[in-house]
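**Student:** First the structure, which I've put down as structure tokens, then a few questions once you've had a look.
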Amino acid sequence: MHAALSVILFTVLSGMGLGAFAIVAADELARTFSARADALAPWNVAGAIALALVIAGLCFSTLHLANPKNAWRSAARFRTSWLSREAVFAVAFLATAAAFLGARWMGVAAGARVVLAVLTVGLAWVVIVCTAMIYASLKPIRAWHTWRVPLNYLLLAHASGAVLIVAILDGTAIAMQPLRMLAAGLLLVAALAKWEYRRYLAGDQRRVTLESALGVAHGVRGAGAPATVAARLLDVGHSRGTFLTREFVVTPTPVRQQAAVIAMWLGVYVLQLLWLWQGTRNPIAAALAIVVLLSGLLAERWLFFVEARHTVRLYHGERRV
Amino acid sequence: MKTPIETRQLPMPNDAPKRIEYSTCYMCACRCGIKVTFEGAKLRFIQGNRDHPVNRGVLCAKGSAGIMKQLSPAKLTKPLKRRAGTERGAGIFDEIEWDEALAIVEARLRKIRDTDPRKLAFFTGRDQMQALTGLWAQQYGTPNWAAHGGFCSVNMAAAGLYTIGYSFWEFGAPDWDQTRYFVLWGVAEDHASNPIKIGLDKLKRRGAKFVSINPVRTGYSAIADEWIAVRPGTDGLLALAIVNVLLTDGTIDYAFLARYTNAPWLVICDPGAADDGLFARDHERRPIVHDEVGGTLTGAVTFDTKPALFGTFTLADGRLAKTSLSLAAERYLNPQYAPENVAARCGVDAATIRRLAREMAKVAFEETITLPIEWTDAWGHVHDSVTGRPVAMYAMRGISAHSNGFHTCRALHFVQMLLGALDGPGNFRARAPFPKPAPPRQLPATAPAHPRAPLAGSPLGFPMRPEDLAIDADGTPKRIDKAFSWQAPLAAHGMMHMVIANAVAGDPYPIDTLMLFMANMAWNSSMNTAGTRDMLRAKDANGEYRIPFIIVADAFRSETVGFADLVLPDTTYLERYDAISLLDRPISEADTIADAIRHPLMPPDRDVRPWQDVLVELASRLGFSAFVNPNGTRKFADYRDFIVRYEKSPGIGFLGGWRGADGKSALVGAPNPRQWEAYIANKSFFEFHLPPALQYYRFANRRYLEFAKKAGFIADIEPIVMQIWSEPLQTFRLAGLQQYAGPRPADAADRERLVKYFDPLPFWYPPLESQDRADDAYPLHAITQRPMVMYHSWDSQNAWLRQIIADNYLYMNVQTAAAAGLADEDWIWVESAHSRLRCRLKTMQGCEPNTVWTWNAIAKQPGAWGLAADAPEATTAFLLNHLIAEHLPGGAGKFSNSDPVTGQAAWFDLRVRVTKCAAGESGVSPAIESLPVQDAPARLRWGNP
Amino acid sequence: MKLGLVIDLDTCVGCHACATACKEWNGASAISGPLTDDSPYGADPTGVWFNRVRHYEVGEFPGCKTINFPMSCLHCEDAACVSVCPTGASYKREDGIVLVDQDRCMGCNLCAWACPYGARELDPASGTMKKCTLCVDRIYDQSLPVEEREPACVLACPTHARHFGDFDDPQSKVSQLTASRNGFGLLGELDYKPVNRYLPPRTPPQAASPAPAVASEGALARLIARARAAITG
Ligand SMILES: Nc1nc2c(c(=O)[nH]1)N[C@H]1C(S)=C(S)[C@@H](COP(=O)(O)OP(=O)(O)OC[C@H]3O[C@@H](n4cnc5c(=O)[nH]c(N)nc54)[C@H](O)[C@@H]3O)O[C@H]1N2
Ligand SMILES: Nc1nc2c(c(=O)[nH]1)N[C@H]1C(S)=C(S)[C@@H](COP(=O)(O)OP(=O)(O)OC[C@H]3O[C@@H](n4cnc5c(=O)[nH]c(N)nc54)[C@H](O)[C@@H]3O)O[C@H]1N2
Ligand code: SF4
Ligand code: SF4
Ligand code: SF4
Ligand code: SF4
Ligand code: SF4
Ligand SMILES: [Mo]
């Protein structure tokens, strides 16, 4: 699939923001049910940054629309469209998240804060899942049409969110060890899920062939005809590009693909774990960690698109997708 | 989960008033009927005319994209004159007014006509108005006229017309409704573009078998029930092997051969004599047969004569004579024609060849059709039914575009004769005005009695013997293209592909003005394209162009327009009057005689004029006898007026419909001043349905022949006898043998060719290019195919069609490529003995392993056709023509790369070798300089309200 | 109603007439025209088409078969392209036709992603998604002669390889053809329930049982004898 930068930035930033905000809200709960009493302010800053990321992401997403003047209609198909749902819940999330932060700032009564916290966490998760389901619901794209996609989105959102929070709170008096453990834990699980996902990608499950796309899987002459025969594209019927080739028939060069894979493993997982493990507090290192993380995530999301093969590619000559 | 249903209001359609017009398509030569819808002034939709005999409502991709042709930025807008001081071919012009343009042409042509009319060479391409251009040339008095036939398919026309009286190409069609077995030889698209497609569907519905013989499996061959991947140039051998099987099995139509062919005619066997191999004739010059009943030799053949098909007989003068069929049988029963002995060469195994022959025989003789139609044969005998041997064949350029195409095509007709499968139900049938005598009685006229006089007749015709050639006493060709010379005696359609080379060489003589109409001779219509372009620029010692003046009449910015000294811009097919005449290539179908018109549906938005009007204007100014009154005043206001009032012979004009003052007579009748109106009222075509009794066996159908004489199709009411043994060919062979009592070639090389190639019986020889070279030097046959969506050079300007094909590859069989270490998308050198070019490779399964092919005429000169200089057509597409030499290697440039009998251009004889380019070598070569690029829109939103 | 097309792979010669006729009719149609073409005379000619014809080969030389394969919207019964559309621009009508409401589309491409068949193309000029309309503005147009109330591609097709009709009506030509010729749908495994059906190439007519081999010796003599019998007899 064609990887639109706007969509990559959207999913990466909003994912990270939602994950981070979920953790901030969860922290609220942790406080109510434990005797913790460290400073709120830094946490609120983290929450504000997370919220900003979500908003930034949503802004990027509109750049992807060819006819944005109709974007306001995007809630119309709530009943069936994950994109509608995402839009609706994203707005709901922004509202509650803002309310939650405000409540904490103004020191509103604990009860209300807890309710808002629960709501925000829930909405954050729903939005992440909606985004993931936009892809996971697409049958023509084997790489996406699997439970693995929402799982990976959830894990990466929270892992990257956790790392973000560590980086933000790094400079404060707050005790970082538990947070580092949390981030590291999330990263490890996310890495595991990613590894499993890539094994699935490489594997053969639910592949579709050109022969079945053309209906010649059982021979050219339909019923009672010769056994399966190999098909191949002779002429695609247009000499230069079409919307379909630009959108679906993009294939990364092996070199770039390999580079992206390495960048992903290093940037999102390995380097982050090292940084969390070495533990010394250093604002520059923290900032660097986030830059590295973002580039790793961009690589990860780029791969998510370019490695996905749509069934339309069959009609353009690919033997299997 | 079923998708939920919604009901919504649809946007309102355009409510501008509709105007519906009927005319004839011109996106190719098929000439389908079109129904054109205008919304207000806007051209909205072009669809097929359901009532039209040619296309019955359907329309091809080109026809459906006509609107984009109308919108082409390459349309010429004003007369153009090459800017003084600029070089020919640079394409730099000054716009001039029509008055000036016509004055220039008139002055020049008058001067030539007054001195030496031969010095005007007027050649036209794939146009549809040869009746008018031919008449114009004849009236002007130059023999140097022809249309595209010589480089197109004259092999089919000549072989058919010399053999059966009608032919493949536009002069006959398969009986799609009744045939049970259809064999298609070497056709990708053809002129009958839509009729063939409609027909193939009919066959498939009826479960008739469709066999395609073609080295490449695309298009029609894709849907064939059986595909025979023949090796290019070997069809003749394949056909004669089929003959061998039919004769061996004895499965032939004896009665048909005896009655309708010259099988029983006695051929004089007197080696060395001046009449050896000619027919024995009686005192009335009637050919003699042996009557099995009376046991006598007679020239008076009646219905009751029972002529011997085989045998050797002694003539009155004591000499021996054999029947045509004896001579044929003796030859084709020779083991050299046995399937086993041709299989390897044709790339078709013996069992398959045998099966094909026997399937045809089975269908012909066991699935015979009998129709309860009473008809009268040429001898006045009434039959109460018509029998059909429902095997039909059709063949085109896969046969004709080889230097052995004439004989190959004769071999196909011989198979049809043996099966008795001609013009009967289910056969390949004639299209009016055919059949005509084999060959038609029309000899090429060569020179006017005196300047300013017309030629005695058409410059083209059908020589019967050496005396009929267009040569001087010393054998020098009289025509610039050397048609009807010893080098191409039966060049019935001229040899347009040789005009430029000969004119530049001043051989046989220099010319003054070359006038080209609808011919892209600076590109896809020439062999050795790069070389031809240099010739067009070539200058003599004192810096004068070797072709002093070039006039091009075109509607678009073609490559040839770039070489013009004067450009006369034409209208498009939606803007002018045209007559698709029976005097030209007919659109008739087997059962219906038809012609059609075009009429202006919209006014031109440019300063252009219909070429037809320009021709009538010039003819009037120059005072052609047929175009002026005795007192010298002009006869016809314009083309529209000419079509209505001109009579070729009393009662016969360009259009056959609604003749007579009252518009009530068909085909023959006085001029009808309201004829155009009548056509327009009848959806722009005229159809005359032949009654059943006149539909079959027309070559020997008394009532049809009488009708055809009245209609002016034929001169006299005589059976048209099919020619197995061809006497005209034998006369030329005798001349080659120096036995002929008449003109003989002085040059040994000419004599040798006549002896070898003027065999009175069909025979097979390797295509000439292959003869001179060992196969391994250039192991691959290189051919082209018509893409169904492109008409020669002129659809690259079509914004829709070029999205489908803007680029071409060389296609090669997968295994062949693998063996040569070649892969898809490789840049390759394709090398012929003449030249080499660079292009890209694609592999496929459906390609005969010794064959490579590409789509025809996709590449374009940069800047031509309104395209950007970096258009794929100019940067990655390639033109195979660069590799094809216009002369044969032997004979020091004396012999053109053509069929030695008809002069048909041998496009498909080309042999090449293919090698991978060195790393980094890419881009097309040879590179051609760019014409000035025209500005064209970067985005089209056609239909935008 | 379940309107759709039947496409006969046995007669389709791959001429692209259906594709250009479609472009011609729909380009000037109020439903979703114009169909923008970019670089129409330039280096990279490209445009919006509702119907594209591709060409494939099946099997190996010499037993290979070339198949011409036209594709347009199959007007699926389970049309994910509609359910995923957030704005509601894409919708399915009572007669089964799937349309895009040009006034509501925001050009997010999601429907194109959801279509396994590549039947939807985004128009860069309008920023909206476009697709085969089944010529909804022809098939019901009372101002057209009855026999012309058919999709443009069906009218044009020179081999009559395209048929239009109601698959819910067992008597309709499309239902009958599908039944008698084993019409099949594409990519059944994705379960979109496409309405359009493709007819596989027919099995060729039975070849003649080759007559027993005939000796070539004495062929001429036999021939002469048979000829005399045929002529005089
Ligand atoms: N769309 C479209 N239609 C056209 C034209 C066009 O340019 N475009 N041009 C028109 C003109 S001018 C003409 S003359 C006609 C020509 O119509 P066609 O006769 O169809 O001409 P080609 O496309 O040259 O087809 C030649 C076919 O013969 C095959 N072939 C080549 N060599 C051999 C051989 O040795 N043996 C056999 N059996 N087959 C062989 C090729 O593979 C190809 O399929 O088409 C007319 N119609
Ligand atoms: N390699 C190879 N070469 C071939 C062939 C092949 O099969 N292979 N085929 C050969 C054959 S069969 C033929 S017939 C020739 C094609 O022979 P041509 O007829 O020379 O080729 P076209 O490209 O059709 O050129 C026709 C010209 O007519 C112009 N034209 C179009 N419409 C109009 C109009 O309305 N009025 C006027 N005045 N001009 C118009 C076009 O702009 C174009 O310049 O090509 C031959 N060349
Ligand atoms: S075949 Fe196509 S281009 Fe040729 S006349 Fe018919 S519709 Fe026009
Ligand atoms: S018009 Fe008919 S034959 Fe031509 S490509 Fe379309 S479906 Fe096939
Ligand atoms: S073919 Fe594609 S666009 Fe058409 S209905 Fe099915 S899914 Fe939707
Ligand atoms: S592109 Fe238009 S029609 Fe398609 S899903 Fe988006 S809004 Fe709906
Ligand atoms: S039905 Fe109409 S819109 Fe659909 S492909 Fe055919 S012509 Fe195009
Ligand atoms: Mo031609």
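**Student:** Which residue, of C:Y91, C:Y117, is in a strand (DSSP E or B) and either within 16 Å of ligand 6 (Cβ to nearest atom) or modelled with pLDDT under 95 (or both)? Lay out the reasoning, then the answer.
**Tutor:** Working: C:Y117 fails: in a strand (DSSP E or B).
Every option except C:Y91 fails the conditions.
**Student:** Which condition breaks for A:L314 when tested against (1) open to solvent by 40 Å² or more (accessible area, probe 1.4 Å); (2) within 30 Å of C:V48 (Cα to Cα)?
**Tutor:** (1)
**Student:** Could you check the stretch C:20-57 and list, in sequence order, the residues that are without any contact (Cβ under 8 Å) to a residue 60 or more places away in the chain, open to solvent by less than 10 Å² (accessible area, probe 1.4 Å) and either more than 8 Å from chain B (Cβ to nearest Cβ) or among the hydrophobic types (A, V, I, L, M, F, W, C) (or both)?
**Tutor:** Listed by number, the residues that qualify are C:V53, C:R54, C:Y56.
**Student:** Quick one: B:A263 ticks every box in (1) touching a Phe, Trp or Tyr at 6+ places or on another chain (Cβ under 7 Å); (2) in a loop (DSSP other than H, G, I, E, B) bar one, so which box is it?
**Tutor:** Result: B:A263 fails condition (1) only.
**Student:** Limited to the stretch C:129-161, what total is found for residues that are within 16 Å of ligand 5 (Cβ to nearest atom) and crowded, with 22+ Cβ neighbours inside 10 Å? I'd like the intermediate steps shown before the answer.
**Tutor:** Pass one, the stretch C:129-161, residues within 16 Å of ligand 5 (Cβ to nearest atom): C:129-136, C:151, C:153.
Filter once more, so that each one left must be crowded, with 22+ Cβ neighbours inside 10 Å: C:129-135, C:151, C:153.
The number of residues fulfilling the criteria is 9.
**Student:** Evaluate the following for B:V830: is it buried (at least 18 other Cβ atoms within 10 Å of the Cβ), of a type outside the set (G, A, S), touching a strand residue (DSSP E or B) at 6+ places or on another chain (Cβ under 8 Å) and within 14 Å of another protein chain (Cβ to nearest Cβ)?
**Tutor:** When the stated conditions are applied, B:V830 does not pass them.
**Student:** Based on what the data block shows, is B:G40 at pLDDT below 95 and open to solvent by less than 10 Å² (accessible area, probe 1.4 Å)?
**Tutor:** The answer is no for B:G40.
**Student:** From (1) within 14 Å of chain A (Cβ to nearest Cβ); (2) part of a loop (DSSP other than H, G, I, E, B), pick out the condition that doesn't hold for C:D168.
**Tutor:** (1)
**Student:** If I filter the stretch C:31-38 for residues that are within 19 Å of A:S239 (Cα to Cα), of a type in the set (S, T, Y) and within 16 Å of ligand 2 (Cβ to nearest atom), do I get at least one hit? First the steps, then the outcome.
**Tutor:** Restricting attention to the stretch C:31-38, the residues satisfying the condition of being within 19 Å of A:S239 (Cα to Cα) are C:35-38.
So of that shortlist, the ones also of a type in the set (S, T, Y) come out as C:36.
Still in the list and also within 16 Å of ligand 2 (Cβ to nearest atom): none.
No, the stretch C:31-38 contains no residue that is within 19 Å of A:S239 (Cα to Cα), of a type in the set (S, T, Y) and within 16 Å of ligand 2 (Cβ to nearest atom).
**Student:** Given the criterion of a type in the set (V, I, T), within 11 Å of another protein chain (Cβ to nearest Cβ) and under 17 Å from C:G27 (Cα atoms), identify the matching residue among B:I67, B:I20, B:I5.
**Tutor:** Numbers: B:I20 fails: under 17 Å from C:G27 (Cα atoms); B:I5 fails: under 17 Å from C:G27 (Cα atoms).
Only one candidate qualifies: B:I67.
**Student:** Every residue in the stretch A:134-167 that is in a loop (DSSP other than H, G, I, E, B) and not basic (K, R), please.
**Tutor:** If the condition is that a residue be in a loop (DSSP other than H, G, I, E, B) and not basic (K, R), then A:S137, A:L138, A:P140, A:A143, A:W144, A:H145, A:T146, A:W147 are the ones that fit.
**Student:** Right, here's the next one. Please go through the stretch B:738-767 and give me each residue that is crowded, with 16+ Cβ neighbours inside 10 Å and without any contact (Cβ under 8 Å) to a residue 40 or more places away in the chain, ordered by number. It would help to see each step written out before you state the result.
**Tutor:** Here is the first cut: in the stretch B:738-767, the residues crowded, with 16+ Cβ neighbours inside 10 Å are B:739-740, B:743-745, B:750-751, B:753-755, B:757-767.
Once the filter is applied, which keeps residues that are crowded, with 16+ Cβ neighbours inside 10 Å and without any contact (Cβ under 8 Å) to a residue 40 or more places away in the chain, the stretch B:738-767 yields B:R751, B:V755.
**Student:** Follow-up. Quick one: which residue in B:A453, B:A421, B:A364 is modelled with pLDDT under 95, among the hydrophobic types (A, V, I, L, M, F, W, C) and farther than 27 Å from B:N897 by Cα?
**Tutor:** Testing whether each residue is modelled with pLDDT under 95, among the hydrophobic types (A, V, I, L, M, F, W, C) and farther than 27 Å from B:N897 by Cα leaves just B:A453.
**Student:** Restricting attention to the stretch C:58-83, which residues are open to solvent by 10 Å² or more (accessible area, probe 1.4 Å), part of a loop (DSSP other than H, G, I, E, B) and either touching a Leu at 6+ places or on another chain (Cβ under 7 Å) or within 7 Å of another protein chain (Cβ to nearest Cβ) (or both)?
**Tutor:** Across the stretch C:58-83, the qualifying residues are C:G59, C:E60, C:F61, C:P62, C:E77, C:D78.
**Student:** Among the residues of the stretch C:130-146, is any assigned to a strand (DSSP E or B) and within 14 Å of chain A (Cβ to nearest Cβ)?
**Tutor:** yes
**Student:** Further, regarding this structure: Please verify whether C:I31 is under 18 Å from C:H160 (Cα atoms) and away from ligand 8 (no atom under 16 Å from the Cβ), treating the condition exactly as stated.
**Tutor:** no
**Student:** Out of the stretch B:867-877, which residues are in contact with a strand residue (DSSP E or B) (Cβ under 9 Å, 6 or more places away or on another chain) and surrounded by fewer than 24 Cβ atoms within 10 Å (Cβ to Cβ)?
**Tutor:** Listed by number, the list holds a single entry, B:T876.
**Student:** For the stretch C:104-129, enumerate the residues that are touching a Leu at 6+ places or on another chain (Cβ under 8 Å), aliphatic (A, V, I, L, M) and within 7 Å of another protein chain (Cβ to nearest Cβ).
**Tutor:** So in the stretch C:104-129, the residues touching a Leu at 6+ places or on another chain (Cβ under 8 Å) come out as C:106-110, C:112-114, C:116-119, C:121, C:123, C:127-129.
Right, trim to aliphatic (A, V, I, L, M) and you get C:106, C:110, C:112, C:114, C:119, C:129.
C:M106, C:L110, C:A112, C:A114 - these are the residues of the stretch C:104-129 that are touching a Leu at 6+ places or on another chain (Cβ under 8 Å), aliphatic (A, V, I, L, M) and within 7 Å of another protein chain (Cβ to nearest Cβ).
**Student:** Tell me, which strands (runs of 3 or more DSSP E) wholly within the stretch B:295-388 include 1 or more residues that are of a type outside the set (V, I, T), more than 17 Å from B:Y254 (Cβ to Cβ) and open to solvent by 30 Å² or more (accessible area, probe 1.4 Å)? Please lay out each step first, then the result.
**Tutor:** Values: elements: B:296-298, B:312-314, B:320-323, B:369-371, B:386-388.
Where strands (runs of 3 or more DSSP E) fall fully within the stretch B:295-388 and carry at least 1 residues being of a type outside the set (V, I, T), more than 17 Å from B:Y254 (Cβ to Cβ) and open to solvent by 30 Å² or more (accessible area, probe 1.4 Å), they are B:296-298, B:312-314, B:320-323, B:369-371.
**Student:** Could you give every pair whose Cβ atoms fall below 6 Å, whose first residue belongs to the stretch B:793-807 and is closer than 20 Å to B:A29 by Cα and more than 7 Å from every other protein chain (Cβ to nearest Cβ), and whose second residue is small (G, A, S) and assigned to a helix (DSSP H, G or I), counting only separations of at least 6 or pairs across chains?
**Tutor:** Partner pairs satisfying both residue conditions: B:Q797/B:G866.
**Student:** Scanning the stretch B:891-945 for residues that are among the charged types (D, E, K, R) and within 14 Å of another protein chain (Cβ to nearest Cβ), which turns out nearest to B:A157 (Cα to Cα)?
**Tutor:** The extreme case among them is B:D935.
**Student:** Go through the stretch A:201-220 and give me each residue that's open to solvent by 10 Å² or more (accessible area, probe 1.4 Å), over 20 Å from C:R181 (Cβ atoms) and assigned to a helix (DSSP H, G or I).
**Tutor:** Correct list: A:L201, A:A202.
**Student:** Restricting to the stretch C:94-104, count the residues that are touching a residue at least 24 places away in the same chain (Cβ under 8 Å) and open to solvent by 10 Å² or more (accessible area, probe 1.4 Å).
**Tutor:** 3
**Student:** Here's another thing I want to ask about it. Looking only at residues in the stretch C:184-205 that are within 17 Å of the chain's Cα centre (by Cα) and open to solvent by 20 Å² or more (accessible area, probe 1.4 Å), which one is nearest to the other protein chains (Cβ to nearest Cβ)?
**Tutor:** The extreme case among them is C:F184.
The values are calculated or read from the model by the stated rules, or taken from the named source; none is laboratory data. Here the structure is a predicted model, which means the values were calculated and not measured. Cβ sites come from the backbone with ideal geometry, for glycine too, and all protein chains shown count toward neighbours. For accessibility, only protein heavy atoms count, side chains too; no ligands or nucleic acids. Shrake-Rupley method; radii C 1.70, N 1.55, O 1.52, S 1.80 Å.
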